[in-house]
1. Which residue pairs have Cβ atoms closer than 8 Å, lie 6 or more positions apart in sequence or on different chains, and pair a first residue in segment 77-91 that is farther than 22 Å from His32 by Cβ with a second residue that is within 11 Å of the ligand (Cβ to nearest atom) and of a type in the set (Phe, Trp, Tyr)?
2. Pick out the one residue from Arg16, Arg21 that is within 23 Å of Glu85 (Cβ to Cβ) and assigned to a loop (DSSP other than H, G, I, E, B).
3. For His6, all conditions in the list (1) away from the ligand (no atom under 12 Å from the Cβ); (2) at pLDDT 95 or above hold save one; what is the number of the exception?
4. So which residues in segment 58-85 are in a helix (DSSP H, G or I), out of contact with any Lys or Arg (no Cβ under 8 Å at 6 or more places or on another chain) and charged (D, E, K, R)?
5. Which residue out of Ala23, Ala117, Ala42 is surrounded by 17 or more Cβ atoms within 10 Å (Cβ to Cβ) and either in contact (Cβ under 8 Å) with a residue 60 or more places away in the chain or within 14 Å of the ligand (Cβ to nearest atom) (or both)?
6. Restricting attention to segment 86-114, report how many residues are in a strand (DSSP E or B) and exposed (fewer than 15 other Cβ atoms within 10 Å of the Cβ).
7. Can you give me the number of residues within segment 115-133 that are farther than 23 Å from Asp146 by Cα and in a strand (DSSP E or B)?
Amino acid sequence: MSDSLHAPAFSDRDFRTALGRFASGVTVITVHHEDRTHGMTANAFTSVSLEPPLVLVSLDNRSNMHRILPSVRRYGVSVLAEDQEALSNHFAGKTAPGVQAGFTMRDGIPLLDGAVAHFIAEVTEIHPAGDHTLYLARVTYLEWHDRRPLLFYGGHYHNLRVHKGEWGEPESSLFSIGGIDAKGIK
Ligand SMILES: Cc1cc2nc3c(=O)[nH]c(=O)nc-3n(C[C@H](O)[C@H](O)[C@H](O)COP(=O)(O)O)c2cc1C
């Protein structure tokens, strides 16, 4: 059988573009390793199971986090707030002058201050998956805050626009994706 029969009928670029149509939040995955905090921006974070409470993150096999996680076996997840775009870039290796990250230690795991939600999770399974590795983990701690999240869609940052409810009640509001202050990320 020729190899071309197995080649995907789309380019790498098309694959990325189509995947970019899936809107997500943005997280920073954190670990404490050799007396230092290491953080990495990730949007391939997902809920997996309610009972037991499981989440997963998909890590590029070239990332430092992938090298560290099998030995520390626990990670923090900070779901970024809409004003934390600079921190998202910082923990994706694209820092700008003056960016400062504050952490609070919880159960030995650093969690990023100012986030929308935090989780601490203990790795239960590690699955190699192509050029990435899936880290399935059981949630042992969580908290959330009334802040608005940072969103990622089509390779750009976005935030939620609040619409007044159609029924006139001041409290009833619908959210939709707004494209303000979007900054391109490859
Ligand atoms: C919005 C955004 C989402 C990202 N999501 C992921 C992801 O889910 N998995 C991943 O491996 N890298 C992801 N990255 C890239 C990593 O953050 C980047 O490669 C980082 O520098 C890796 O850090 P480390 O090698 O120091 O651990 C993302 C970057 C951005 C800007």
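1. So the pair list comes out as Glu85/Tyr157.
2. Arg21
3. The single condition His6 does not satisfy is (2).
4. Arg67
5. Ala42
6. Summing the residues that are in a strand (DSSP E or B) and exposed (fewer than 15 other Cβ atoms within 10 Å of the Cβ) in segment 86-114 gives 3.
7. The qualifying residues number 10.
Table: residues versus (1) farther than 23 Å from Leu160 by Cβ; (2) within 15 Å of the chain's Cα centre (by Cα); (3) at pLDDT below 95; (4) acidic (Asp, Glu).
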| residue | (1), (2), (3), (4) |
| --- | --- |
| Ser78 | no, yes, no, no |
| Glu82 | no, yes, no, yes |
| Ser88 | no, yes, no, no |
| Ala96 | yes, no, yes, no |
| Gln100 | yes, no, yes, no |
| Ile120 | yes, yes, no, no |
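The values are calculated or read from the model by the stated rules, or taken from the named source; none is laboratory data. None of the values given here were measured: they were computed from a predicted structure. With ideal geometry, Cβ positions are generated from the backbone for all residues, glycine too; neighbour counts draw on all protein chains shown.
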